[in-house]
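Step one of this worksheet: look at the structure below.
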Amino acid sequence: MTLSQPAPSPVAVTGRLSALDRLLPVWILAAMALGLGCAVVVPGLGRALHAVEVAGVSVPIAVGLLVMMYPVLAKVRYGETAHVLSDRRLLITSLVINWLLAPALMFALAWIFLPDLPEYRTGLIIVGLARCIAMVLIWNDLACGDREAAAVLVAINSVFQVLMFGVLGWFYLQVLPAWLGLPTTSAQFSFWSITLSVLVFLGLPLLAGFLTRWLGERRMGREAYESQVLPRLGPWALYGLLFTIAMLFALQGEQVLAAPWDVARIAVPLLVYFVSTFCASMVIGWALGLGYERTTTLSFTAAGNNFELAIAVSIATFGAASGQALAGVVGPLIEVPVLVGLVYVALWARRRFRF
């Protein structure tokens, strides 16, 4: 879309989503309820899920994580990474927001809202370190953002996570709290476990996604690949997400039912984080004169988070039944409706301000 076209109406925005995407919050709630129900009806389910593990991760959950990571990474246009380098303002601003400001904001919010819940606090900090991947392209497209720039920033963030996620996890969970006189994570925290988790749960599907696109475009061409292959792969990311959530809540059932207000407390800092990060990025993009399309792309790539990676890291590092994993699970339940709402905010800003 171009700026000369009228902004789509709210009905048009929701109408462009598939039934699966449009009702994703409902499916997430259903998956949570299914998991909780299984935990109540089948008390030994948690032990069964833990019976077969690979590197400390339950095999059913590991499969779910890999299934939901692969399709979204197969959507990334890796061949266009070099294009964004010509817009240094966009690139540098995105890197600063994504890897300096956003993690610092989540760190602060986690300590402000959850000072007495260390597991959930740690889970939120991990969420803040997991930057956006391909799902953010949906929100960017609905808000008439720059599709090409979004694909490039997603690709850069995906690669950057493999290189730096472990370092930043070590800094925000051990080094910075120690400097501030705050409690650090438990002695069982391992820098290498987070790095290994990123390499396995992001590196493997990233490689698979790259090879799928490269081979697909080589044999079919880009247009055929994106019109024929991606629509078939896309739903599997959500299937994997819902399956993983159901399994996690089956393990977390007793804890969730015993402390439902803890789940609500996790949701509050997430809500503040999404809204404040998005709005701040819109103001920064407007001030830098990036134009509406790239300002919108900047904002959604800053506000969106890779909850798949956050869940994977939390499971591998702290266990599937941990509070850290639960904090990651609550994330998409809050993110989806909030970012859909922010699509309307972006379209309103497009009509209201001169970009």
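The values are calculated or read from the model by the stated rules, or taken from the named source; none is laboratory data. This structure is a prediction, so every number in the text was calculated from the model and none was measured. Counting neighbours? That spans all protein chains shown, and the Cβs are built from the backbone with ideal geometry, glycine included.
What the table below lists for this structure:
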| item | result |
| --- | --- |
| Helices (runs of 4 or more DSSP H) wholly inside the range 92-191 that include at least 3 residues being touching a helix residue (DSSP H, G or I) at 6+ places or on another chain (Cβ under 6 Å), crowded, with 21+ Cβ neighbours inside 10 Å and among the aromatic types (Phe, Trp, Tyr) | none |
| Evaluation of residue 15 against (1) more than 30 Å from residue 319 (Cα to Cα); (2) modelled with pLDDT of 70 or more; (3) not basic (Lys, Arg) (one fails), failing number | (2) |
| Boolean, residue 84 is at pLDDT below 80, of a type in the set (A, V, I, L, M, F, W, C) and surrounded by 14 or more Cβ atoms within 10 Å (Cβ to Cβ) | yes |
| Any pair with Cβ under 6 angstrom, 6 or more apart, that starts in the range 61-77 at a residue that is over 9 Å from residue 233 (Cβ atoms) and ends at one that is buried (at least 24 other Cβ atoms within 10 Å of the Cβ) and charged (D, E, K, R) | 68/308; 69/308 |
| Subset of the range 76-86 [touching a helix residue (DSSP H, G or I) at 6+ places or on another chain (Cβ under 7 Å) and either not in a helix (DSSP H, G or I) or not acidic (Asp, Glu) (or both)] | 76, 77, 78, 81, 83, 84, 85 |
| Filter result for residue 284 (assigned to a helix (DSSP H, G or I), surrounded by 23 or more Cβ atoms within 10 Å (Cβ to Cβ) and of a type in the set (Val, Ile, Thr)) | no |
| Every pair of residues 6+ apart whose Cβ atoms lie under 8 Å, when the first sits in the range 269-282 and is within 14 Å of residue 349 (Cα to Cα) while the second is aromatic (Phe, Trp, Tyr) and assigned to a helix (DSSP H, G or I) | 278/300 |
| Residues within the range 230-246 that are over 15 Å from the mean Cα position of the chain (by Cα) and touching a residue at least 60 places away in the same chain (Cβ under 8 Å), tallied | 8 |
| Residue check, residue 232 under 28 Å from residue 100 (Cα atoms), surrounded by fewer than 24 Cβ atoms within 10 Å (Cβ to Cβ) and basic (Lys, Arg) | no |
| Hey, residue 162 of a type in the set (A, V, I, L, M, F, W, C) and within 19 Å of residue 75 (Cα to Cα) or not | yes |
| Selected residue (criterion: modelled with the highest pLDDT) from residues of the range 24-52 that are of a type outside the set (Val, Ile, Thr) and loosely packed, with under 14 Cβ neighbours inside 10 Å | 33 |
| Selection within the range 301-337 - over 13 Å from the mean Cα position of the chain (by Cα) and either over 19 Å from residue 61 (Cβ atoms) or part of a helix (DSSP H, G or I) (or both) | 314, 315, 316, 317, 318, 323, 324, 325, 326, 337 |
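This table checks each residue for (1) among the β-branched types (Val, Ile, Thr); (2) under 19 Å from residue 24 (Cβ atoms); (3) buried (at least 22 other Cβ atoms within 10 Å of the Cβ).
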residue	(1), (2), (3)
264	no, no, no
269	no, no, yes
278	no, yes, yes
288	no, no, no
